[in-house]
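Data first, discussion second: the structure below is written as structure tokens.
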Amino acid sequence: MISRRTCLLAAAAAAASLALGSAGVEAFAPQPNVRSVTKLNNEISPTGFDSFRDVKDITNLPDGEEQRKYRRTVYTHDDWKKHRSQDRFFYYLAAIFSSGVYKNLFREVSLVTFIATMVIVYNGITHGYTDLDGVKHTGIIEFLPKLALPLNVFTVTSPSLGLLLVFRTNTSYKRWDEARKNWGMNINHTRDLVRMANTFYDTNGISPEKRADDLNHVALCTWAFVRAMKRHLSPEEEDEAEFRAELYEKLPPQQAEKIIAAAHRPNRALQDLSFAINDLPMHFVRKNEVHSAVTIFEDNLGSSERLLTSPVPLFYSRHLARFLAIWMFLLPLGMYDAFSSSWNHTALIPSMAVISIMLFGIEEIGTQLEEPFTVLPMQAFCDKIYNWCMEIMSWSPGDNGRAMKPVKAEHVYFTEGEANEYANGAPPAY
């Protein structure tokens with residue numbers, strides 16, 4: 001009799017495993033990344049949404065740190081149209097088993113479903129079970145207590161857990177948003193700086209070749225700062241070789257070597273930019289206005305360094321992780337009686353898998369967003385800044401076919417006065 005019951009319990013456990021498999025939890029196991037079609041701002045990869053447009057060609061992201069480089073999306077108008085598609089829910093659901101976020105949760109979800117399975121098997125042994133023919137049997141070891149908790153325990157604590165999760169994700173998103181705004185300020189003020197340098201440049205007594213060389217140097221120094229900032233905020237193993245190659249390709253060798261050898265590379269790049277601005281022939285009032293953009297760069301750099309070096313307080317993150325883990329590991333005990341209508345409570349297993357994926361997923365998203373720089377497309381920002389700066393510096397007054405108006409008499413000093421005083425050997429009267 002015991003042997004038959006043992007066989008029936010084993011069959012119940014096997015059925016539970018099948019239910020777990022039908023829930024698709026195996027799909028969350030780490031898999032090799034065969035290919036990726038998440039947007040990386042290059043020719044071979046469309047946007048992140050495009051990866052869901054064809055169910056037969058779903059993105060298969062790697063797990064862990066390797067997946068972060070595949071999240072650096074840059075949207076266009078066409079991407080936003082797809083993003084607002086009325087079919088988006090179907091595409092997202094079809095790609096759920098290839099989600100990088102869910103793959104990172106494989107261990108946690110497996111443990112919760114394993115606990116749910118063990119609760120079912122244990123309670124079947126101690127308090128009875130129903131065989132495949134629908135016949136109810138008494139427990140094999142009836143003197144052991146039943147594994148169950150009142151559901152009220154979880155009802156009372158769930159608001160506190162929800163508040164902790166909301167605060168975690170909101171704080172992490174704010175950090176991502178601040179980092180993105182810092183780079184937005186860099187983009188805006190690099191264009192502003194080179195525009196002012198190009199406009200304020202005093203061409204009196206300056207050859208077109210000298211003007212072009214000076215402005216080209218300012219543009220390169222501007223790009224060198226944002227590229228050094230990108231390297232400063234990126235892992236060394238990911239960006240060091242590319243950083244050195246780009247500097248030697250675009251900058252004079254001595255300048256590239258000085259930046260690379262500096263203890264704080266963005267500071268050195270900013271200093272070079274300040275030298276380049278200071279060498280431009282223009283009135284000091286205008287020169288100070290150009291220098292104000294450099295101060296903004298310094299502020300953006302400091303703000304980004306603060307985000308990189310100061311995480312959300314560790315005691316908060318650790319308490320949330322412990323709270324969520326213990327809450328989820330005990331939840332199968334609280335939900336056991338709620339599934340009494342299913343065969344041997346086996347519906348508990350896929351339900352616990354789904355619930356654990358959703359709740360652990362919220363915490364995982366907050367953790368992934370907390371350090372924003374390795375999911376921001378910083379290389380795309382740097383490339384665009386370089387292209388825009390070089391284009392702006394290629395423009396010259398009157399090249400649009402409209403002749404420049406002569407300088408008014410009261411404004412001559414701001415365009416020629418300082419240069420004339422220097423030419424006469426006298427320092428400008430500040």
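This table checks each residue for (1) β-branched (V, I, T); (2) within 30 Å of T113 (Cβ to Cβ); (3) at pLDDT 95 or above.
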residue	(1), (2), (3)
E289	no, no, no
F297	no, no, yes
Y316	no, yes, yes
W343	no, yes, no
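Applying the criterion of at least 1 residues that are exposed (fewer than 14 other Cβ atoms within 10 Å of the Cβ), modelled with pLDDT under 95 and β-branched (V, I, T) to the helices (runs of 4 or more DSSP H) found wholly in region 144-252 leaves 152-200. Comparison of N278, N344 shows that the only residue that is open to solvent by less than 30 Å² (accessible area, probe 1.4 Å) and touching a helix residue (DSSP H, G or I) at 6+ places or on another chain (Cβ under 9 Å) is N344.
For region 114-143, filtered to residues that are of a type in the set (D, E) and surrounded by 10 or more Cβ atoms within 10 Å (Cβ to Cβ), the residue that is farthest from A325 (Cα to Cα) is D131. Of the residues making up region 192-206, one or more are over 23 Å from S274 (Cβ atoms) and in contact (Cβ under 8 Å) with a residue 24 or more places away in the chain.
The values are calculated or read from the model by the stated rules, or taken from the named source; none is laboratory data. Note that this is a predicted model, so its numbers are computed, not measured. Cβ sites come from the backbone with ideal geometry, for glycine too, and all protein chains shown count toward neighbours. All accessible areas refer to the heavy atoms of the entire protein, side chains included, with ligands and DNA or RNA removed. Shrake-Rupley method; radii C 1.70, N 1.55, O 1.52, S 1.80 Å.
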